[in-house]
Amino acid sequence: MQFGFQEKKSTEDAILNLTEYVSDALDNAKPCMAVFIDLAKAFDTVSHSLLLRKLDDVGIRGRALSLMESYLSNRAHLTIAEKKKLIEKVEEGEKKSDVAKEFKIPLSTLSTIIKHKEKINAAQTAGVRKRTTKGEFPRLEESLVAGVRKRTTKGEFPRLEESLVIWLRQCRGQKVFISGNLLKEKAKEFASTLSILLAETC
């Protein structure tokens, strides 16, 4: 199941889907297994042939192993920065086929990346860096998201709040760190775009 870069899909959807699948299997006395793999870093550091051999050693064979082998074979793995560079090259007028060759990806993958360029650009917002330690306000996003969900009356700036929550979710999806100062700057940027005057104490 893939939920990343899917419209109106989130981690919660993935968890719900998995829960339903497991419950259905248990209710019908069927065997059930889940494998969780964080492939983002593994691609950069792990030998695929060694990984496949180890999977076979621990008893993962047949269709499950073939699926992993197919997934790991001849794939290019691009960072957000590489995807952004790829988009820039296409927008500068380079032929899509040449860009795809340079980055060693199929044209269909290039088209998908271009289709999601807003999300990719949002993920690399100025001042946002990968999370390495707990943030200045570790529960800030959760409280903002919960506040928007639970609120029955609209806040003073509902469009601003909604814009911030969407931006925070995009950053969370990319596992980025958000400082208090960055959040303030983003709020001011959205406020300016939405023509809202914010007090300087914000």
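The values are calculated or read from the model by the stated rules, or taken from the named source; none is laboratory data. Remember, predicted model here, so these are calculated numbers, not experimental data. Cβ sites come from the backbone with ideal geometry, for glycine too, and all protein chains shown count toward neighbours.
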Legend entry - Ile60 vs. criteria among the hydrophobic types (A, V, I, L, M, F, W, C) and outside any helix (DSSP H, G or I): yes
Legend entry - Matching option when the condition is among the hydroxyl-bearing types (Ser, Thr, Tyr) and touching a residue at least 24 places away in the same chain (Cβ under 8 Å), among Ser49, Ser73: Ser73
Inset, instruction - Could you please tell me which pairs satisfy a Cβ distance under 7 Å, a separation of 6+ or placement on different chains, a first residue in the stretch 11-31 that is under 18 Å from Gly173 (Cα atoms), and a second residue that is among the β-branched types (Val, Ile, Thr)? - result: none
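Yes/no per residue for (1) at pLDDT below 75; (2) part of a loop (DSSP other than H, G, I, E, B); (3) on the phi > 0 side of the Ramachandran plot; (4) loosely packed, with under 15 Cβ neighbours inside 10 Å:
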position	(1), (2), (3), (4)
Glu136	yes, yes, no, yes
Glu142	yes, no, no, yes
Arg149	yes, no, no, yes
Glu156	yes, yes, no, yes
Ser163	no, no, no, no
Trp167	no, no, no, no
Leu182	no, no, no, no
Glu185	no, no, no, yes
Ala191	no, no, no, no
Inset, instruction - Would you check which residues across the stretch 87-104 are part of a helix (DSSP H, G or I) and at pLDDT below 90 and list them? - result: Ala100, Lys101, Glu102
Inset, instruction - Tell me which residues, restricted to the stretch 73-86, are in contact with a Phe, Trp or Tyr (Cβ under 8 Å, 6 or more places away or on another chain) and either among the aromatic types (Phe, Trp, Tyr) or part of a helix (DSSP H, G or I) (or both). - result: Glu82, Leu86
Inset, instruction - Within the stretch 68-77, identify whether any single residue is among the charged types (D, E, K, R), modelled with pLDDT of 90 or more and surrounded by 12 or more Cβ atoms within 10 Å (Cβ to Cβ), and answer yes or no. - result: no
